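Participant: Okay, here's the structure, questions in a sec.
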Amino acid sequence: MFTRMDQSTKEEWDHIYNEHLPHVFDMPKRIISMLEQLEGVSLGFGTDQLHHALQTATMARRANAPDEMILISLIHDIGKVINVPNHGQICAEIIKPYVSDDAYHIIRTHQDFQGEHYYHYQGKPRDLRKQYKDEPWYEKAEEFTDKWDQAAFDPNYEVDSLDSFKPLIKQFFEVPQKLI
Ligand SMILES: [Fe+2]
């Protein structure tokens, strides 16, 4: 195997490509692992982040939202495993090859939509969502935020289990729809 890329051969790159495939197809496991890492992370909220994720997704599922909306409701905060301030962007880039452009943008900007519900307590503008009002995904982003995400901090809400969402995670993350 080469020690510098500028001395590599096609055979070596074919080998590397083949070795990548099982890793790529293992994506559902890594998404599930990130969700599991949210357990016990409460950050001062009344629920931990796993319960919040499950409640957001359960509410979307019970409202008969489309599969992709249920999926993004479940995983929208997995970026918090890495860092909170830019967690929306982190998650958006993780899921980009596997979801629609609408879903990518909804996750990327979801803090700007959430801000309407509490940014006034932090001296920040509440109308950050307005900058996206002409985007084709604006209404869906409002639905996600206002109906489910901001309303999913109830420790007494009976959530569906993480196991119940695993087929949905597999459905979306087993094969990338696009290569970035
Ligand atoms: Fe959230």
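Participant: Where the second residue is more than 13 Å from the ligand (Cβ to nearest atom) and of a type in the set (Phe, Trp, Tyr) and the first is under 18 Å from Lys178 (Cβ atoms) and lies in the stretch 75-96, which pairs have Cβ atoms under 7 Å and are six or more apart or on separate chains?
Facilitator: If the second residue must be more than 13 Å from the ligand (Cβ to nearest atom) and of a type in the set (Phe, Trp, Tyr), the pairs left are Ala92/Tyr104; Ile95/Tyr104; Lys96/Tyr104.
Participant: Another one. Yes or no: Lys178 among the charged types (D, E, K, R), part of a loop (DSSP other than H, G, I, E, B), more than 16 Å from the ligand (Cβ to nearest atom) and in contact (Cβ under 8 Å) with a residue 24 or more places away in the chain?
Facilitator: Yes: the conditions hold for Lys178.
Participant: Please go through the stretch 158-169 and pick out each residue that is within 16 Å of the ligand (Cβ to nearest atom) and assigned to a loop (DSSP other than H, G, I, E, B).
Facilitator: Once the filter is applied, which keeps residues that are within 16 Å of the ligand (Cβ to nearest atom) and assigned to a loop (DSSP other than H, G, I, E, B), the stretch 158-169 yields only Val159.
Participant: Out of the residues in the stretch 22-51 that are among the aliphatic types (A, V, I, L, M) and within 13 Å of the ligand (Cβ to nearest atom), state the one that is nearest to Gln111 (Cα to Cα).
Facilitator: That would be Leu43.
Participant: Consider the stretch 1-46. How many of its residues are within 18 Å of Ser164 (Cβ to Cβ) and either part of a loop (DSSP other than H, G, I, E, B) or modelled with pLDDT under 95 (or both)?
Facilitator: Residues that pass the stated criteria total 2.
Participant: Still on this model: Within the stretch 134-157, is there a residue that is assigned to a helix (DSSP H, G or I), more than 16 Å from the ligand (Cβ to nearest atom), within 21 Å of Arg62 (Cβ to Cβ) and of a type in the set (D, E, K, R)?
Facilitator: Looking for residues that are assigned to a helix (DSSP H, G or I), more than 16 Å from the ligand (Cβ to nearest atom), within 21 Å of Arg62 (Cβ to Cβ) and of a type in the set (D, E, K, R), one finds at least one in the stretch 134-157, hence yes.
The values are calculated or read from the model by the stated rules, or taken from the named source; none is laboratory data. Predicted, not measured: the structure shown is a model, and the values here were computed from it. Every residue, glycine as well, gets a Cβ built from its backbone with ideal geometry; the counts of neighbours run over all protein chains shown.
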